[in-house]
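The values are calculated or read from the model by the stated rules, or taken from the named source; none is laboratory data. What you see is a predicted model; the values in this text were computed from it and never measured. Glycine gets a Cβ as well: all are built from the backbone with ideal geometry, and neighbour counts include every protein chain shown.
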Amino acid sequence: MNGGAVEAGGRASREPSGKALARGGASSSSWGAVWALWLRQIKRYLRSRSRLVGSLGQPVLFLVALGFGFGPVFQKAGGGNYIQFLTPGIVLMGVLFTAIFSGIEIIWDRQFGFLKETLVAPAPRLFIMLGRTLGGATIAVIQGFLVLLVSFAAGFRLESWSRLPAAALFMGLTAVAFTALGTAIASVLEDMQGFQLIMNFLVMPIFFFSGSIFPLKSLPRFLTDVAAANPLTYGVDGLRLALSGGSYAGMGLDAAVLAGVAAVLVAAGAQLFSRIQA
Amino acid sequence: MSEPSTNIIEVKDLVKTFGNFTAVGGLSFSVKRGEIFSFLGPNGAGKTTTIKMLTTLLRPDSGSIRIAGLDPAREPLEVRRRFGIVFQDNSLDDELTAWENMFFHTVLYGVPADERRARIEDMLRFVGLWDRRQDLVKHFSGGMKRRLEIARCLSHQPDLIFLDEPTSGLDPQNRSRLWEHLRRLNFEMGTTIFLTTHSMEEAEKVSQRIIVIDGGKIAAEGAPDDIKRQTETQTLEEAFLTLTGRDLRDDVPGSLDSMRRTRAVWKGKGK
């Protein structure tokens, strides 16, 4: 980036004072903060090749190991092509993990000091949180598309190219919801020591009980209830319909639930982020 | 919105407690515009808590603060536009270049788009980092990072800068260079400097006025020579030890901050 980079615009949350106006700076800082923090996330992501490649490792491993390992069994049981079934779930696995970790990056920013720079900036915390969340969500969606690209090599085929925008919508909603959840968690965590707890008792159950790797139809009642309460279920279901056809709940319900959950999690994340003290 | 005539900071009866611990117990002081002001005290004296209240990061329990005539509790965004801060620890993004760190700061502070480039260039030249602007900050030395933080905090042209132990961890060459920049800044731009440091030698050399606090209260106030006279000592370090004692202090910011943050989050306090 250099001095000729794209410039931000927008309005501040408060009326600026005469002196601030004289300085010419007050009106753009709020939306400018959203843009700046979004761009920062993207730059860091693009600059970190190890992160880019490393975060593909787990989804690709799941796709290859589960896809080829259980594929024949799944087909014999009448489930059809397992790669076609599994790929949307694994794509959202990439989105979920990247989104949660992007939110949790606040802990690193707290430890390495950059968080303080944003907390004393004259932009409302809500906008700072929004910028971070949108940045993390964008990265998660890019990651989801990378997993989708890899899945073509494993034999996955799109049901219809025209449904790609719908796929992007489900990836985007899932990414926003879980980046906001990561932000909310990171706002109350002091350090990375609680990270393993989150992985084992929150992220992995969310992934496993979402219909990502097995169909929900034949599960025991208590597990279908768990899946119904899991927002990722609706993301997986919607994405599966968009990418390979077949739906458990219907695209409209999927999108509505996911959008509602994303809104609630963004609000909760913003609330908790606004209470962070440096 | 009123502007104060001569004082850029006015603090009256400021109190902050954490549970049964009184971190700041009724502080009152003022800082004049254009002054280099040192805020000194041993570990755990309440310096950082006071700075956090002055910079809108913490709400006081009682008392009043005015920064450039504004109340940080009521108008935090306006107050934040008026000051710049260099924290005790690095607050740069090491994965970004010097230019990018500066650029994001100017966007966050609402510097107009057509002024950003010139301001960033001015400030990077001011601290001697213009030629390194495209380098990632993670490749900078401690001294270069400090200079970049100062350039960054000046890029939105604040009236007041807070420097929390700005020279800690720097070698004598970097310390000397940093003070040269800060004196020039104060002289040429009239920027008020609010400084905390454990180096009494530095504080004595650069400060026009000093406050020594201990146990959350003011132990002495005045020009360095006044404080030495009051304590009948030869150096500021001797005066400081006379005022605050020679016992070692236990400073446990980690656990205290942790308790405070957790409590604030779950009780819904704080900004």
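Points worth noting:
Rundown of residues vs (1) at the interface with chain A (Cβ under 8 Å from one of its Cβ atoms); (2) at pLDDT below 95, yes/no style:
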residue	(1), (2)
B:81	yes, yes
B:98	no, no
B:101	no, no
B:104	yes, no
B:112	yes, yes
B:123	no, yes
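- Count of region B:203-231 residues which are assigned to a helix (DSSP H, G or I), under 15 Å from residue B:241 (Cα atoms) and more than 18 Å from the chain's Cα centre (by Cα): 6
Matching residues to (1) part of a helix (DSSP H, G or I); (2) surrounded by 15 or more Cβ atoms within 10 Å (Cβ to Cβ); (3) among the aromatic types (Phe, Trp, Tyr):
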residue	(1), (2), (3)
B:121	yes, yes, no
B:124	yes, yes, no
B:131	yes, no, no
B:147	yes, yes, no
B:153	yes, yes, no
B:156	no, yes, no
B:162	no, yes, yes
B:177	yes, yes, no
B:180	yes, no, no
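- The set of residues in region B:104-138 being within 22 Å of residue B:55 (Cα to Cα) and of a type in the set (Phe, Trp, Tyr) consists of B:104, B:109.
- Residues in region A:221-278 that are away from chain B (no Cβ under 14 Å), touching a helix residue (DSSP H, G or I) at 6+ places or on another chain (Cβ under 9 Å) and not in a helix (DSSP H, G or I): A:230, A:244, A:245, A:246, A:247, A:248, A:249, A:250.
- Of the listed requirements (1) assigned to a loop (DSSP other than H, G, I, E, B); (2) facing chain A (nearest Cβ under 10 Å); (3) hydrophobic (A, V, I, L, M, F, W, C), residue B:73 misses just one: (2).
- Some residue of region B:12-26 being within 14 Å of chain A (Cβ to nearest Cβ) and surrounded by 22 or more Cβ atoms within 10 Å (Cβ to Cβ): yes
- Any chance residue B:5 is over 19 Å from residue B:196 (Cβ atoms) and at pLDDT 90 or above: no
- Within region A:107-124, tally of residues that are part of a loop (DSSP other than H, G, I, E, B) and acidic (Asp, Glu): 0
- Where helices (runs of 4 or more DSSP H) sit wholly within region A:125-218, those with at least 3 residues that are more than 14 Å from residue A:96 (Cβ to Cβ), away from chain B (no Cβ under 14 Å) and hydrophobic (A, V, I, L, M, F, W, C) occupy A:125-153, A:164-188.
- Number of the condition not met by residue A:101 [criteria: (1) within 27 Å of residue A:186 (Cα to Cα); (2) more than 14 Å from chain B (Cβ to nearest Cβ); (3) of a type in the set (Phe, Trp, Tyr); (4) free of Cβ contacts under 8 Å to residues at least 24 places away in the same chain]: (4)
- Whichever residue in region A:48-83 is surrounded by 13 or more Cβ atoms within 10 Å (Cβ to Cβ) and within 14 Å of chain B (Cβ to nearest Cβ) and, among such residues, is nearest to residue B:80 (Cα to Cα): A:48
- For region B:60-81, residues that are within 18 Å of the chain's Cα centre (by Cα), surrounded by fewer than 24 Cβ atoms within 10 Å (Cβ to Cβ) and of a type in the set (Lys, Arg) total 1.
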